[in-house]
Amino acid sequence: MDNNAFNPLKTTDRLLPIANISKIMKGPIPKSAKIAKDAKELMQKSASEFIAIVTCMAKEICENENRKTITGDDLIRSMKQLGMFYYAEITKKYFMRYKDGGKSIKNKMYTDKEFINHPHYPDNNYRHI
């Protein structure tokens, strides 16, 4: 069998680097707080799965429109189609800032009251899961 024919990625190749996940998780919490290894691994798998699901939907959007390139707008549309309205709004605001030259992007996601006050902000109904 030809080794170059089809080589599925190993599970670990599809996951975001745990060091990056840890750094992001530490951003909004006090410096004295700790994050357990299993929490980092759970977030790593969840974030990677989130990316895969959103990208898959964006790919379908592109295929339906006979395009080959997924854009930032496709990702936002896919989040909306998946019912992830809160995340679509956050991503849209971040994407707009990015397109404006990255003004005030760093750590903005952690402090913006506009995201917390958004009507689709995950409320206490989601926190018990």
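The values are calculated or read from the model by the stated rules, or taken from the named source; none is laboratory data. Here the structure is a predicted model, which means the values were calculated and not measured. Positions of Cβ are generated from backbone atoms using ideal geometry, with glycine treated the same way; all protein chains shown enter the neighbour counts.
Among the residues of the stretch 19-52, how many are farther than 24 Å from Met79 by Cβ, of a type in the set (Val, Ile, Thr), modelled with pLDDT under 95 and surrounded by 12 or more Cβ atoms within 10 Å (Cβ to Cβ)? The total comes to 0.
For residues that are on the phi < 0 side of the Ramachandran plot and more than 17 Å from the chain's Cα centre (by Cα), tally how many sit in the stretch 40-77. Selection size over the stretch 40-77: 9. With respect to Ile35, is the statement that it is touching a Lys or Arg at 6+ places or on another chain (Cβ under 9 Å), among the β-branched types (Val, Ile, Thr) and part of a helix (DSSP H, G or I) true? Taking the combined requirement at face value, the residue does not satisfy it.
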